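Take a look at the structure set out below.
The values are calculated or read from the model by the stated rules, or taken from the named source; none is laboratory data. If you're wondering where the values come from, they're calculated on a predicted model, not measured in any experiment. As a convention, Cβ positions derive from the backbone with ideal geometry for all residues, glycine included, and neighbour counts pool all protein chains shown. Surface areas here come from the heavy atoms of the whole protein model, side chains and all, with no ligands, DNA or RNA. Shrake-Rupley method; radii C 1.70, N 1.55, O 1.52, S 1.80 Å.
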Amino acid sequence: MTAREENAADGRGKAGEAVPPGKAAPTDETAPTDERENAGRRRFAGRAVVVFLVAFAAAVLFLTVLLLVTSSSEVLLRLDRATASDLHRYALRHPGFTSAMRGLSNSGKTVVWFLVMALVAGWLLRRRLRRLAIFVVVTVVGSSLLNNVVKLAVNRARPHLSDPVAVAAGKSFPSGHAQAAIVGYGVLVAVFLPIISRRWRPAAIAGAAVLVLLIGFSRISLGVHYLSDVIGAYLIGTVWLIGMISAFRTWRREEGKPVADLDEGLEPEHREQLAP
């Protein structure tokens, strides 16, 4: 009888540990599989912790900015006014720059995002991807409602500049364009990441991040938002997006669906259905 057979016969594992009744002793063939599974669990847990910390930090920073805005912090007001004044002077001297900023700003309008997301949700329903369609609609509409609630609660007036290059209605904090951009591009990346090759995923994420930053910058450059309005929008948009993605993953788990790593997208198993 070999050493392995003797271990199996007396109910002992490879390391001399007792094997629970009904469970086969681990062998050299199963050990690599167990190691991979354990490594996958550790990686998943580690990424979940990182996501939680990012959301927590964003929430704390947003509350800090909100407190500074509502208390009319002199330090924040000086920074906001200096940034607005410098960019306004530059915009007045460079009409080409101003035109480019208007184009970026118009691309981030709420009505534009609603139209784009309605088309995306309709296309997902046509592909019978009901969960993803619901995620898109609830995340985008919920973000817009949240933005309006915070605006009404804070009731901050927009910047007042002489010889303005653009005007906008409504309240100032947080920026609706900036929040719509970070949530909208985040939704698109999360939904369609499975059909982007791994080689191009960093470029796609970086491109979305650049567009988000440019849209926020355009609102400050046009003099319709303060710097803190845009920063606050990015922070609350991040918290909302992470919360909705976490809720979606919990929904999948409750339905008995596997929860993939974040870098795989929301539903990587539907890669073929997501492809054009």
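Picking from 133, 84, which residue would you name as being more than 30 Å from residue 243 (Cα to Cα) and in contact with a Gly (Cβ under 9 Å, 6 or more places away or on another chain)? Walk me through it before giving the result.
On the way: 133 fails: more than 30 Å from residue 243 (Cα to Cα).
Just a single option satisfies the conditions, and that option is 84.
Taking the conditions exactly as written (within 23 Å of residue 166 (Cα to Cα) and over 21 Å from the mean Cα position of the chain (by Cα)), does residue 102 satisfy them or not?
Working: within 23 Å of residue 166 (Cα to Cα): yes; over 21 Å from the mean Cα position of the chain (by Cα): yes.
It is true that residue 102 is within 23 Å of residue 166 (Cα to Cα) and over 21 Å from the mean Cα position of the chain (by Cα).
Residues in the stretch 170-193: is at least one without any contact (Cβ under 8 Å) to a residue 40 or more places away in the chain and aromatic (Phe, Trp, Tyr)?
yes
Can you tell me how many residues within the stretch 70-87 are among the acidic types (Asp, Glu) and open to solvent by 40 Å² or more (accessible area, probe 1.4 Å)?
Filtering the stretch 70-87 down to residues among the acidic types (Asp, Glu) leaves 74, 80, 86.
Cutting the leftovers down to open to solvent by 40 Å² or more (accessible area, probe 1.4 Å) gives us 74, 86.
Total meeting the criteria: 2.
I'd like to check something: does the stretch 212-228 contain any residue that is open to solvent by 30 Å² or more (accessible area, probe 1.4 Å), more than 30 Å from residue 82 (Cβ to Cβ) and in a helix (DSSP H, G or I)? Spell out how you get there, then give the answer.
Here is the first cut: in the stretch 212-228, the ones open to solvent by 30 Å² or more (accessible area, probe 1.4 Å) are 213-214, 217, 226-227.
With the extra rule that they be more than 30 Å from residue 82 (Cβ to Cβ), the set shrinks to none.
No, the stretch 212-228 contains no residue that is open to solvent by 30 Å² or more (accessible area, probe 1.4 Å), more than 30 Å from residue 82 (Cβ to Cβ) and in a helix (DSSP H, G or I).
So how many residues does the stretch 75-114 have that are within 16 Å of residue 212 (Cβ to Cβ) and basic (Lys, Arg)? Reasoning before the result, please.
Initial filter on the stretch 75-114 (within 16 Å of residue 212 (Cβ to Cβ)): 101, 103-110, 112-113.
Imposing the further condition that a residue be basic (Lys, Arg) reduces the set to 109.
Result for the stretch 75-114: 1.
I'm checking my understanding of the structure. Among residues of the stretch 88-113 that are under 19 Å from residue 140 (Cβ atoms) and among the hydrophobic types (A, V, I, L, M, F, W, C), which one is surrounded by the most Cβ atoms within 10 Å (Cβ to Cβ)? Steps first, answer last, please.
Just the residues of the stretch 88-113 that are under 19 Å from residue 140 (Cβ atoms), to begin with: 105-113.
Still in the list and also among the hydrophobic types (A, V, I, L, M, F, W, C): 111-113.
Values: 111: 9, 112: 14, 113: 22.
My answer is 113.
Scan the stretch 105-138 residue by residue and report those that are in a helix (DSSP H, G or I) and either closer than 30 Å to residue 162 by Cα or among the β-branched types (Val, Ile, Thr) (or both).
Applying the first criterion (in a helix (DSSP H, G or I)) to the stretch 105-138 yields 105-107, 110-126, 130-138.
Result: 105, 106, 107, 110, 111, 112, 116, 120, 134, 136, 137, 138.
For residue 166, indicate whether it is in a loop (DSSP other than H, G, I, E, B), free of Cβ contacts under 8 Å to residues at least 60 places away in the same chain, open to solvent by 10 Å² or more (accessible area, probe 1.4 Å) and in contact with a Ser or Thr (Cβ under 8 Å, 6 or more places away or on another chain). Write out each step before concluding.
On the way: in a loop (DSSP other than H, G, I, E, B): yes; free of Cβ contacts under 8 Å to residues at least 60 places away in the same chain: no; open to solvent by 10 Å² or more (accessible area, probe 1.4 Å): yes; in contact with a Ser or Thr (Cβ under 8 Å, 6 or more places away or on another chain): yes.
No, not satisfied.
Of the residues that sit in the stretch 30-49 and are in a helix (DSSP H, G or I) and surrounded by 11 or more Cβ atoms within 10 Å (Cβ to Cβ), which one is modelled with the lowest pLDDT? It would help to see each step written out before you state the result.
Filtering the stretch 30-49 for residues in a helix (DSSP H, G or I) gives 31-49.
Going one step further and asking which of them are surrounded by 11 or more Cβ atoms within 10 Å (Cβ to Cβ), we end up with 31, 40, 43-44, 47-48.
Working: 31: 53, 40: 50, 43: 60, 44: 55, 47: 65, 48: 69.
Among them, the one singled out is 40.
Quick check: is even one residue across the stretch 139-150 in a loop (DSSP other than H, G, I, E, B) and without any contact (Cβ under 8 Å) to a residue 40 or more places away in the chain? Break it down into steps so the answer makes sense when it comes.
Residues of the stretch 139-150 in a loop (DSSP other than H, G, I, E, B): none.
There is no residue in the stretch 139-150 that is in a loop (DSSP other than H, G, I, E, B) and without any contact (Cβ under 8 Å) to a residue 40 or more places away in the chain.
Confirm whether residue 67 is part of a helix (DSSP H, G or I), open to solvent by less than 30 Å² (accessible area, probe 1.4 Å), of a type outside the set (Gly, Ala, Ser) and within 30 Å of residue 240 (Cα to Cα). Spell out the reasoning first.
Numbers: part of a helix (DSSP H, G or I): yes; open to solvent by less than 30 Å² (accessible area, probe 1.4 Å): no; of a type outside the set (Gly, Ala, Ser): yes; within 30 Å of residue 240 (Cα to Cα): yes.
So residue 67 fails the test.
Here's the yes/no breakdown for (1) assigned to a helix (DSSP H, G or I); (2) modelled with pLDDT under 95; (3) open to solvent by less than 60 Å² (accessible area, probe 1.4 Å); (4) more than 19 Å from residue 146 (Cβ to Cβ):
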| residue | (1), (2), (3), (4) |
| --- | --- |
| 198 | no, yes, no, yes |
| 204 | yes, yes, yes, yes |
| 232 | yes, no, yes, no |
| 235 | yes, no, yes, no |
